[in-house]
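> One structure, pasted below without further comment.
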Amino acid sequence: MKLSVIKAWIGTSTLSKEVEAMPETTSLPMESVWVLCRNCKSSFPPSLADSLTLVAPSSVFEGDSIVLKCQGVENWKIQKMTYHKDNKELSVFKKVSDFLIQSAVLSDSGNYFCSTKGNVFFWDKRSNIVKIKVQELFQHPVLTASSFQPIEGGPVSLKCETQLSPQRLDVQLQFCFFRENQVLGSRWSSSPELQIPAMWSEDTGSYWCEAETVTHRIRKQSLQSQIHVQRIPISNVSLETRAPGGQVTEGQKLILLCSVTAGTGNVTFSWYREATGTSLGMKTQHSLSAELEIPAVKESDAGKYYCRADNGHESIQSKVVNIPVRIPVSRPVLTLRSPGAQTAVGDLLELHCEALRGSPPILYRFYQKDVTLGNSSAPSGGGASFNLSLTAEHSGNYSCEADNGLGAQHSEAVPVSISGPDGHRRDLMTAGVLWGLFGVLVFIGVALLLYSLFHKISGESSATNEPRGDCRLNPQEFTYSSPIPKMEELQPVYVNVGSVDVDVVYSQVWSIQQPESSANIRTLLENKDSQVIYSSVKKS
């Protein structure tokens, strides 16, 4: 301030001699003026005071930071600095300071100014008024749904709709969906849509969504909307079997599948065996089907089964399903059957193969070593046979195999030794000789029996007539009209014995050589060592 102005305002009485000696064009700082005017009773006119200026951003959106600067005063001149909004104090500082709004919201809109309270040497000051309007960055979201009354079990699509300010289209937002204070999905997502695959009756309730900037500065929530899920009763319950290969086999896994064509909510499935009526198992789940597994089926598991399904409206039963259990074949036993004790060339050998267990039909295969001889089928189970006309090449090990489509089983090997043709012929000859000897012995036995019988009859007849004597010939019964000629050979002599009245005549026959004289004939006839032959001759 120029010295001439100071002199005109406060006069010269309070000025020191040094100041008065200064040219009137000399400019003095305000501090010097305060020193010169420390005994003044008046104040500086407003035109002489330093002015305050409030500096603020011209455009503000939600989430932006706002810095208010109060300029035009120095720290040593004030006791405090105050920032105001709509004539209300916001913040008070003891020195020159900026006022910061970290993240602006719509409610931060208003009229702002600042003021300072001067110390003993300065006047109080007030800045200009600045009007700040915070603009909406994006609109409040609105929750929409593909259906607010979905059918239970059906899908629902939720969407959180909002719109960014045209001046801030580059801002990125993220979204989150809620049901009854529970977060749905994977919490925050950049997608404004959420797909719910299936809605159930317990999903009925209030739904809303939230949208926020990725910087987490601004978050807005939609209004709540009610979603009511509609339940449908179950219908068309059916029972199916699932087994490896399409058939239920002993020892393998069996799955009983109980399913419904319609129905919503928690469905309780249960399985039963008709013969006993007891429950085999029970499952409750959000599904139109459920499975019951039997890890290893037994032969006793064959029978009739059914299942039931219930979702709280009514329990529905399926049709009864008959489940047969097929039994794999056991290890077969091979039996060989031949005409004799030993097998020989030309014999007909029967190979009989039988598995004691196994569901029919069963196919049997017959082998000599590893060569297939043939096969035979048993449609109703049991065993089967194969006939083989033996040759010398058929010696070796035989086996069989049983197969009913559930796995083949092989028997143990059975050795066969075959005799050659010469040995067979010798066996036949030996058998013929033995049979011939047996026939001769039978014939001789019959002849002896007949002889004994006839001899007995003959003895009885001699006892009733005159006795035969001691088988000696009576020399007087023989007369010779002429001398006996000489003979070189034996000559038979016949003598009739016994009465002529009986049916049987015995004759005694001697066979002698011609003696040299008639005297020796008597001696020869009386010789007991002569041979006697009896024969019976029936009288005519």
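The values are calculated or read from the model by the stated rules, or taken from the named source; none is laboratory data. Not measured: the values here are computed from a predicted model. So basically every Cβ, Gly included, is an ideal-geometry build from the backbone, and we count neighbours across all protein chains shown. When the accessible area is computed, the model is the full protein with side chains, heavy atoms only, and any ligands, DNA or RNA have been set aside. Shrake-Rupley method; radii C 1.70, N 1.55, O 1.52, S 1.80 Å.
> Once the other residues with Cβ under 13 Å from the Cβ of residue 202 are scored (Lys, Arg +1; Asp, Glu -1), what is the net sum?
Here the count lands on -1.
> For residue 295, what is the net charge nearby, where nearby means another residue's Cβ is under 13 Å from its Cβ and Lys, Arg count +1, Asp, Glu -1?
-2
> Over all pairs of distinct alpha carbons, what does the Kirkwood formula give as the hydrodynamic radius of the range 53-132, in Å?
Result for the range 53-132 stands at 12.9 Å.
> Moving to a separate point now. What number do you get for the range 238-280 when its Cα radius of gyration is normalised by 2.2 N^0.38 Å, N = residues?
After normalising by residue count via 2.2 N^0.38 Å, the value is 1.40.
> How big is the accessible area of residue 313 in square angstrom, nearest 10, if you roll a 1.4 angstrom probe over the protein chains?
Residue 313 exposes around 110 Å² with every protein chain in place.
> Got a sec? What order do 151, 362 fall in by accessible area at 1.4 Å, biggest, i.e. largest, first? Intermediate results must be reported in sequence, preceding the final value.
Details: 151 85, 362 5 Å².
Solvent-accessible surface, decreasing: 151, 362.
> Right, here's the next one. Can you list the residues, at least 5 places off or on another chain, whose amide H is less than 5 Å from the amide H of residue 199, using H built in the peptide plane?
153, 154
> Another question, if that's okay. Rg/Rh for the range 289-407 to two decimals, with Rh computed the Kirkwood way over all alpha-carbon pairs.
1.29
> For 22, 199, give the ranking by accessible area with the largest first, probe 1.4 Å.
On the way: 22 70, 199 0 Å².
These residues rank, largest area first, as 22, 199.
> Restricting things to alpha carbons, tell me how big the range 224-347 is in terms of Rg and Dmax, in Å.
So, for the range 224-347, Rg and Dmax equal 24.1, 101 Å respectively.
> Ok, one more. Could you pull the accessible area for residue 85 with a 1.4 Å probe, rounded to 10 Å²?
That residue has around 40 Å² of solvent-accessible surface.
> Taking all protein chains as present, what is the carbon and sulfur share of the accessible area of the range 332-416, in % to the nearest whole number, probe 1.4 Å?
Carbon plus sulfur share of accessible area: 49 percent.
> In Å², and per residue, what accessible area does the range 142-227 have when probed at 1.4 Å with the other protein chains present?
55
> With Cβ to Cβ distances under 15 Å as the rule, what net charge do the other residues near residue 400 carry (K, R +1; D, E -1)? Working shown, then result.
Working: positive: 331, 337, 365, 369; negative: 350, 354, 370, 401, 403, 412.
So the surrounding residues net to -2.
> Taking 2.2 N^0.38 Å as the expected size of a compact globular protein, what ratio does the Cα radius of gyration of the range 142-227 give against it, to two decimals?
1.13
> Keeping the other protein chains in place, figure out the carbon and sulfur percent of the accessible area of the range 107-227, with a 1.4 Å probe. If you can, show how the numbers build up before the last one.
On the way: 3280 of 6610 Å².
Carbon with sulfur: 50 percent of the solvent-accessible area.
> May I pose another question? Round to the nearest 10 and report in Å² the accessible area of residue 321, as given by a 1.4 Å probe over the protein chains' heavy atoms.
Residue 321 has an accessible surface of roughly 40 Å² with all protein chains in place.
> Which sequence of 170, 108 reflects their accessible areas, 1.4 Å probe, from the largest down?
The most accessible residue leads, giving 170, 108.
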